[in-house]
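What follows is a short report on a single structure.
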Amino acid sequence: MAEPGLLVALPLAACLAAVFLGRRGALLVWVTGPLMLVLTWQLARAIPVVEPLGGWAPPLGIALRADGFAAAFLVMTALVAAVVGAYAATYFAADPRPRRAAAFWPLFYAVWTAVNLILLGRDLFNLYVGLELLTLAGVAMVALDGRAATLAAALRYLLFALFGSVTFLIGAALLYGRYATLDMELLAVALAPDTATVAAAALISVGLLAKAAIFPFHAWLPPAHAGAPAPASALLSALVVKASVLILFRLWFDVLPPLAGALLNALMGGLGAMAVLYGSVQAIRQDRLKPIVAYSTVAQLGYLLLAFPLAGAALGAQPWSAGAWTGAVFHALSHGLAKAAMFLAAGTIMLAAGTDRLDRLGGVAKAVPVASFAFVIAAVSLMGLPPSGGFLAKYLLLTYAFAAQQAGWAAVMVVGGLLAAVYLARPVNALMRAAPAEGARFARVPAVLQLAPLLLALAAMLLGILSFEPYRLIQVNNPAAAHEGLQ
């Protein structure tokens, strides 16, 4: 049986080794990737699992806990990281700037370590450490190119992240001062709805929203994701920003359900709706491939917050009450797979065409047919079309919205799906144009750079087709608020 601590220790060891190996850090991914896939799969089969680090249980020590929620995202993270690592090994092999490749690998393993720590951790300070490691690695990945535009994007990212860090840490300090513990399970038992607790919850939530680039804290995300190398963009969109939203779910559904009410649900739902609509409109306005995909991330993250008003809409527990929470979890999983596939496919297309301008991509599908096909499959999942995982996620969210008579939130999801079809149809149409632009020349691209995005795109489709096992996994030890609602 895999121990949760091993899932943090192994990528951390690879991170430290990669510092000394430089560009040869790419070799580690061929061992780390398969091994982590096996370990996460073993853990998923053994849940629930609790491992007190050093044998010391909370509140004296820190415990790593794996339930269905954590296990599902650990498996998704392992798959995304392993495929992105294989892609990056080829992507950076021919890079004329050896320092960029040498810097990427420690950052890559640092992201993997931090995400696993966040998924398994239940101590707020431990989660803060994971978030800071994730932020530092993410900012450095954005700045890898060293160009003025990417450095400016990394600085903007850093400023937003520091704001999020300060508010999160102040909120955690307030909780510690009030309850003398930061363990989530102990906090849930001792929780009292007083002023200090409400203030702490608000500060932590704002910090997580800023780190997750949720509207209106989204300004750093499009330039950061659009300017980073393709493997870095895939990790940022699939894992880095999503980690903060997952902590937000843990906080409100596991620890703070008694504090949630109509105001919180309306606020979170409003931010989610604005993110869906604003991100979609901005994606439609772009004329380059990577900014379209980046603004799509802003929009797609908004769907996760719609779980709050939907989970709080019912007057009591209903047979379909878990639909909102489960739909949001499915959306996060399918989005992670599809968006990583889309950014990797976009990177391959850019290598072939030498640009990501839509008006210069005509005929590129003939040069990189597999990568273009992967982009289309990923687009199907993001639009929520059957039989993808994205379709199942939005089906669950819509079913609960209509069952709870919340037509307004259902309308946001329907309009968001239509807008996604509009902004994703533009790059698909550009890729499939038979005639290349005048003077266009397409470079040859290694097969790995085409197959890697296809693998992740197919995984996003299989999540919808073979949904029973992931659905069953998610339900193991899921929070009571997922069934009973947040009010």
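D by Stokes-Einstein for segment 272-487, Kirkwood Rh over Cα pairs, 37 °C, 0.692 mPa s: 185 µm²/s. Projecting the Cα positions of ILE465, LEU251, TYR128 onto the charge dipole of the chain (unit charges on Cβ atoms of Lys, Arg, Asp and Glu, taken about the Cα centre) puts ILE465 furthest along the positive direction.
Only Cα pairs under 8 Å and 6+ residues apart enter the sum, and on that basis the relative contact order of the chain stands at 17 percent. Spherically averaged projected area of the convex hull of Cα atoms, the chain: 20.5 nm².
By the helix-only formula, in which each DSSP H run with n ≥ 4 contributes -39500 (n - 2.57) and the sum is divided by residues, the chain has a 222 nm mean residue ellipticity of -24000 deg cm²/dmol. Measure out, as a whole number of angstrom, how far apart the alpha-carbon centroids of segment 319-368 and segment 253-301 sit. Computed from Cα coordinates, the inter-centre distance equals 17 Å. The residue list ALA188, PRO34, GLY261 was ranked by how far each Cα lies along the charge dipole of the chain toward its positive end, using unit charges on Cβ atoms, and PRO34 comes out on top.
Taking the Cα centre of the chain as reference, the dipole from Cβ charges on Lys and Arg (+1) and Asp and Glu (-1) amounts to some 1480 debye.
Rule-based calculations on the coordinates, nothing more; no lab input. Small disclaimer: the values here were computed from a predicted structure and weren't measured. Methodologically, a virtual Cβ is constructed for each residue, glycine included, from the backbone with ideal geometry; neighbour enumeration extends over all protein chains shown.
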